[in-house]
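Bear in mind these aren't lab numbers, they're just calculated from the coordinates by the rules spelled out. Predicted model, so just to flag it, every value in this text is computed and none were measured. Every residue, glycine as well, gets a Cβ built from its backbone with ideal geometry; the counts of neighbours run over all protein chains shown.
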Amino acid sequence: MAIVNKHPTKNLKVDNENSYLFNYLDTLGLDIEVHNDFVDLKNVLTNKEDYPYSFDNSFEIDNFTDTNKGFVFYLKDGDKIVSTYAARAQTPSSMKDGLSRVYSNFKTENLPVNLTAKLYYMYSSCQWVDSNYLGKRIGVTLDLIKKHFIFTKWNADVNYAIHKVNDTMISYHKDKLFYTDSKYFFTKSDGDVGGAGGVNDTDYNIAWIFKNAFINKLSEIKVTYP
């Protein structure tokens, strides 16, 4: 397992807290690359037949001019990209305002109070796993590496994501990805929210975890994913 650091300001490294995840990637023979080329990320995802969503508008280069304030993960099997993830600095309030500008048929409610404080937030999205690599816990592993990276190297206070609402997604985010909570965020009556849902997915939640909560969950996480 190799780590290829191409981000101009932040390096991903193995340490005592995250080594359990990199050890697992090593058993799969996969490497991880970190960079900030969001144009390339869009090209990768929009050319994948098994990526089910449109590209997340928050990571469009026209809406994200300082790409040093975000990162992209590529998980690789040799030269082949088999999984992606991305994150950027963005407050939930900014996310809400941006969605209301971009999408019509959009209805939202007030954010949870604890997501309106003046803190350092990082929004994550653009998760994809090659269909030939499903069932190997890759999505969960990359998500947890992302959380370690966000809370250590970026020193963010909060990591959050949005997801479609169905019978499994809330429990997946809370029980598998260890977000603290997931609450209703918005409805888009014609569906199709970049990075989160397709044309039939109309209701969306916001899931989040604070840095101190992640630290407190680490023992449980390491037991769950040894």
Once the dipole of the chain is set up with Lys and Arg at +1 and Asp and Glu at -1 on Cβ about the Cα centre, which of ILE138, SER189, PHE178 lies farthest towards its positive end? PHE178
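If I take all pairs of Cα atoms in segment 1-83, what percentage of them are more than 21 Å from each other?
Numbers: 1253 of 3403 pairs.
Every Cα pair in segment 1-83 considered, those over 21 Å come to 37 percent.
Which value, in debye to the nearest 20, describes the size of the charge dipole of the chain about its Cα centre when Lys and Arg Cβ atoms bear +1, Asp and Glu Cβ atoms bear -1, and nothing else is charged? List each step's numbers first, then the result.
Values: 26 positive and 28 negative charges, 126 e Å.
Roughly 600 debye for the chain.
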How charged is the neighbourhood of GLY78? Take every other residue with its Cβ under 14 Å from the Cβ of GLY78, and add Lys/Arg as +1 and Asp/Glu as -1. -3
At 0.36 nm per residue, and after removing the present C-alpha to C-alpha distance, how many nm does the segment from LYS222 to ASP167 gain when stretched out fully? 17.2 nm
CD proxy at 222 nm, helix term only [per DSSP H run n ≥ 4: -39500 (n - 2.57); per residue of the chain; nearest 500]: -8000 deg cm²/dmol
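Can you sort PHE210, PHE149 so the residue with the fewest Cβ neighbours within 10 Å comes first? Could the numbers behind the result be given before it?
Details: PHE210 18, PHE149 24.
Ranking PHE210, PHE149 by Cβ neighbours within 10 Å, fewest first, gives PHE210, PHE149.
Given R₀ = 30 Å, what would the calculated FRET efficiency be for ASP181 paired with ASP66, taking r from the Cβ atoms and rounding to 0.05? List each step's numbers first, then the result.
Numbers: r = 29 Å, r/R0 = 0.98.
Plugging the Cβ-Cβ distance into 1/(1 + (r/R0)^6) gives 0.55.
Give me ASP157, ASP201 ranked fewest to most by other Cβ atoms within 10 Å of their Cβ, as a rough exposure proxy.
Values: ASP157 16, ASP201 19.
The most exposed by this proxy come first: ASP157, ASP201.
Taking other Cβ within 10 Å of each residue's Cβ, how do ARG101, ARG137, ARG88 sort, fewest first?
In order of increasing Cβ crowding within 10 Å: ARG101, ARG137, ARG88.
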Between 0 and 90 degrees, rounded to the nearest ten: what's the tilt of helix 211-224 against the longest Cα principal axis of the chain? 50 degrees
Whole-Hz ³J(HN,Hα) from phi, Karplus 6.51 cos²θ - 1.76 cosθ + 1.60, for segment 63-79, glycine and proline x: 9, 8, 6, 9, 6, 5, 8, x, 8, 10, 9, 10, 9, 10, 10, x, 8
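Of LYS118/LYS164; LYS6/LYS183; LYS10/LYS42, which ones are farther than 29 Å apart at the Cα? Don't skip to the answer; put the middle values down first.
Numbers: LYS118/LYS164 26 Å; LYS6/LYS183 35 Å; LYS10/LYS42 21 Å.
Over 29 Å Cα-Cα: LYS6/LYS183.
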If you average the C-alpha positions of segment 1-59 and of segment 83-124 separately, how far apart do those two centres end up, in angstrom? 22 Å
Would you kindly derive the ³J(HN,Hα) couplings of segment 156-166 from the backbone phi angles with the Karplus curve 6.51 cos²θ - 1.76 cosθ + 1.60 (θ = phi - 60°), listing them in order in whole Hz, with x for Gly and Pro? 6, 8, 9, 10, 9, 8, 10, 8, 5, 9, 8
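Segment 3-224: D in µm²/s via Stokes-Einstein (Kirkwood Rh, Cα pairs, 37 °C, 0.692 mPa s)? Write down the numbers at each step before the final one.
Values: Rh = 17.7 Å.
Once the numbers are plugged in, D ends up at 186 µm²/s.
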